[in-house]
1. So, in segment 219-233, of the ones that are surrounded by fewer than 17 Cβ atoms within 10 Å (Cβ to Cβ) and outside any helix (DSSP H, G or I), which residue ends up farthest from the ligand (Cβ to nearest atom)?
2. Among the residues of segment 83-100 satisfying the criterion of being open to solvent by less than 20 Å² (accessible area, probe 1.4 Å) and closer than 22 Å to LEU43 by Cβ, which is nearest to the ligand (Cβ to nearest atom)?
3. Any idea which of LYS272, LYS355 is of a type outside the set (S, T, N, Q), surrounded by fewer than 22 Cβ atoms within 10 Å (Cβ to Cβ), modelled with pLDDT of 95 or more and under 25 Å from ALA175 (Cβ atoms)?
4. Could you grab me the full set of residues in segment 137-162 that are under 22 Å from the mean Cα position of the chain (by Cα) and of a type in the set (Lys, Arg)?
5. Scan segment 187-203 for residues that are more than 16 Å from the ligand (Cβ to nearest atom), assigned to a loop (DSSP other than H, G, I, E, B) and in contact with a strand residue (DSSP E or B) (Cβ under 8 Å, 6 or more places away or on another chain) and report the count.
6. Quick one: which residue in ALA370, ALA330 is over 16 Å from PHE306 (Cα atoms) and either touching a strand residue (DSSP E or B) at 6+ places or on another chain (Cβ under 9 Å) or open to solvent by 20 Å² or more (accessible area, probe 1.4 Å) (or both)?
7. For segment 204-218, which residues satisfy the criterion of being open to solvent by 30 Å² or more (accessible area, probe 1.4 Å) and within 16 Å of the ligand (Cβ to nearest atom)?
Amino acid sequence: MNDQWEVVSGHVSIRDGMIAAISERDIVEPHDRTIDAHEDYVLPGLIQTHLHLCQTLFRGYADDLPLMDWLRTRIWLMEAAHTPASLRAATRLATTELLMTGTTSILTMETVHDTDAVFEAAAESGIRATIGKCMMDAPADGTPARLRERFQTSIDESRGLLKRWNGAAGGRLRAAFAPRFAVSCSRALLEAVADLSADTQTLVHTHASESREEVAIVRALSGLSNVEYLAALRLASPRLCAAHCVWVGDREQGLLAEHDVKVMHCPGSNLKLGSGLAPVTELRRRGVTVSLGADGAACNNRLDMFEEMRLAALLQATRVSPGALTARDALTMATRDGARTLGMDGELGSIEAGKRADIIVVDRSRLQMAPDHDPYSTLVYAARGSDVRTTIVGGDVLVDEFVPTQVDAHEVAAFARLEAKALADRAGL
Ligand SMILES: [Zn+2]
């Protein structure tokens, strides 16, 4: 996935967590370990730029609803019922699934409280993560009392997380500001986040123009379209990461391009919540960086990036025409454009000497891979997350021969089941 799109047969050498060399000849220096991948695909680790790890325990509890009902009758009630223990269970379940299906880096928005528990569990998992505590200080309809924050508490807690966690775990963890969406934040909070982001060069992770109902609420409260409103509050910048952008017209698309706002496309979530089909082809044509995410287990219900790559291409085939978003485009969105969204394109997104050693190995012997005429086609249209054999983050082998090395996957699932049941009881669902 380098600038020349080279597909090479050879060796990748890793030293001190970095890619030290790529060679088509045998590497003669001694190595502590050699992984034989000569019949497989070796890829840069996949980068999911819109997730909610805390919602992984809600899988199956919130199906078949449109966005605002989904939030009001399920998600907010369940988020309000989270404890540090249930957040740890959700994070461990999510990171195990993500690593086993080839995702090595994530941008995630958590809930209002106890985000330290998510950072702690993410640190233990070995995944590379940019994590934000959800900020919501406006009394939007149907918000449970526990999720309503005061302006200053929201700012102080977000700044505290930034201080405690940004750069932690050997630089694997970073903090972001995460105002949930315009509907649940005061104008003052959004303006304060814009200033803090500029001062500290920190990413802002939010949702924008996901459903028509949300767009109508934002217009009623601001008189503007969603992206115009964010731009009026000085939030539009290369550090703004806006999930969805399904309902963005010509003027809003122009604003996104002009300010280099990053857009995160979540095709599986958009389909399941019935939100609509995002104008990804048009956004990319304007030069907007569009990356991919599964969103969450409560609206997907998988966290498998291979599924999102495939859906992203298929949706544009139906919206525009076959080939509007090719398999190679989809793989670029899942790697290079994900790295660009994180502001880490010098470090992640391709297998090149000097970049971080975030690498996955995809088993090429699976039946659905044959005859494997074109690698992009095979990886995007035919492969599945379960075909990932090895996952390496910063040189650490976290999945080895399909098995996670840091946790017992059965134990993770069993603990998640117990915590989900208790959480649903607390939420009254
Ligand atoms: Zn989301």
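The values are calculated or read from the model by the stated rules, or taken from the named source; none is laboratory data. Because the structure is predicted, anything quoted here is derived from the model rather than measured. All Cβ positions, even for glycine, are placed from backbone atoms using ideal geometry, and neighbour counts span all protein chains on display. Remember, those area values only see protein heavy atoms, side chains included, never the ligands or the DNA or RNA. Shrake-Rupley method; radii C 1.70, N 1.55, O 1.52, S 1.80 Å.
1. Looking at residues that are surrounded by fewer than 17 Cβ atoms within 10 Å (Cβ to Cβ) and outside any helix (DSSP H, G or I), I get GLY223.
2. ALA94
3. LYS355
4. The one that is under 22 Å from the mean Cα position of the chain (by Cα) and of a type in the set (Lys, Arg): ARG159.
5. Qualifying residue count, segment 187-203: 1.
6. The match here is ALA370.
7. Listed by number, the residues that qualify are GLU213, VAL215.
Here is a yes/no grid of residues against (1) more than 16 Å from the ligand (Cβ to nearest atom); (2) modelled with pLDDT of 95 or more:
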| residue | (1), (2) |
| --- | --- |
| VAL12 | yes, yes |
| ASP16 | yes, yes |
| GLU24 | yes, no |
| ILE27 | yes, no |
| HIS31 | yes, no |
| HIS38 | yes, no |
| TYR41 | yes, yes |
| PRO44 | yes, yes |
| HIS50 | no, yes |
